[in-house]
Amino acid sequence: MKKIYLTLAFMIAVIMVKAQSQTINGDLSIGADAGAVTGAGNRLTFNGVTSNSDELSIYRLNRANNLSDLRVNIGDDYGSGDDRFLIGTTNWVDSKYYVHMVVGADGKVGIGTETFGTERLAVNGNIRAKEVKVEATGWPDFVFRKDYKISSLSDLDLYIKANKHLPGIPSAQEVAKNGIELGEMNKLLLQKIEELTLHMISQQKEINELKKKVK
């Protein structure tokens, strides 16, 4: 009879642990070391409200000996941005949750914004870095080929008066609406510098010829 009471007490204790919030003053370990070198460990799965098939969990995965991941699983719909991992702050004044960073199940990341475009990273704010490397193709060395036709300065003058910007360069209205792509813009600016250099070389040749005639 005593064993039955102890068993019932244990079952009640387990039920209470599952039903109540717990405060742990110390370390918390999930699972035991099974001796496997690779593979996934036990998961800390988050249920609540109405549980559904989208798994939200944190777990350890050993890729190889001494190579481990701490993985955060965001749902089970890869390629969709509907399931998300968020980092934010709850404001005690209005009790609202303000998002600082969001990662979608499609791999897109937003910092200071929850609105994504086609880009993998969206940032609402300034970015500070020591260096930014942009991979670019189609670098405008073609300007220096003999078959490249450069616009005359008179044609360029007419275009600027009519359009108020250089040919091939987006207007102020286009930039305000769509922004600029750094790699593409650097190519366009270099192309204009190279064309300007050719104009300067041509003008210097004309100046030299005029000097000869004056002498």
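How far apart, in nm, are two points set 7 Å out from the Cα along the Cα-to-Cβ line at Glu131 and at His165?
That separation, rounded to one decimal, is 3.1 nm.
Can you give the FRET efficiency for Asp54 and Ala172, using 1/(1 + (r/R0)^6), R0 = 35 Å, r = Cβ-Cβ distance, to the nearest 0.05?
On the way: r = 45 Å, r/R0 = 1.29.
That pair, Asp54 with Ala172, gives E of 0.20.
Along the charge dipole of the chain, pointing to its positive end and built from +1/-1 on Cβ of Lys, Arg, Asp and Glu, which listed residue (Gly88, Gln173, Leu153) has its Cα farthest out?
Leu153
Taking the highest mean first, how do the peptides 155-163, 106-114 order by number of other beta carbon atoms within 10 angstrom per residue?
Answer by packing, highest mean first, reads 106-114, 155-163.
Lys211 to Leu153: FRET efficiency via 1/(1 + (r/R0)^6), r the Cβ-Cβ distance, R0 22 Å, to the nearest 0.05?
Efficiency at R0 = 22 Å is approximately 0.60.
Would you calculate the separation in nanometres between label points at Thr89 and Asp106, each defined as 7 Å from the Cα along the Cα-to-beta-carbon direction?
About 2.9 nm, to one decimal.
Kyte-Doolittle cut-off 0.5, length cut-off 18 Å along the helix's own axis using Cα: show which whole DSSP H helices in the chain pass. List each step's numbers first, then the result.
Values: long enough: 2-19 (26 Å, 1.54); 182-214 (47 Å, -0.47).
Once both thresholds are applied, what remains is 2-19.
How long is segment 121-178 along each principal axis, judged by its Cα atoms, biggest number first, in Å?
Ordered largest first, segment 121-178 gives principal extents of 42, 29, 17 Å.
Can you give the percent of C-alpha pairs in the chain whose distance is more than 21 Å?
Result for the distance tail: 77 percent.
As a test of the formula, what do you get for the chain when each DSSP H run with n ≥ 4 contributes -39,500 (n - 2.57) and the sum is divided by the residue count, at 222 nm and rounded to the nearest 500 deg cm²/dmol? Don't jump to the answer; show the numbers that get you there.
Numbers: 4 runs with 69 residues, N = 215.
After summing the helix terms and dividing by residue count, I get -11000 deg cm²/dmol.
Among DSSP beta bridges lying fully in segment 84-123, give the percent that are antiparallel, nearest 5.
Values: 10 of 13 bridges.
Bridges in segment 84-123 that DSSP calls antiparallel: roughly 75 percent.
Starting from the Cα of Arg43, move 7 Å in the Cα-to-Cβ direction to define the label point; list residues of segment 59-74 whose amide nitrogen is under 16 Å from there.
Counting only backbone N, you get 59-62, 70-74.
Rounded to whole Hz and in sequence order, give me ³J(HN,Hα) for segment 91-99 from the Karplus expression 6.51 cos²θ - 1.76 cosθ + 1.60, θ = phi - 60°, writing x for Gly and Pro.
7, 5, 6, 10, 6, 8, 9, 9, 7
Computed from the coordinates by the stated procedures, all read-outs in this text should not be read as laboratory data. Small disclaimer: the values here were computed from a predicted structure and weren't measured. Counting neighbours? That spans all protein chains shown, and the Cβs are built from the backbone with ideal geometry, glycine included.
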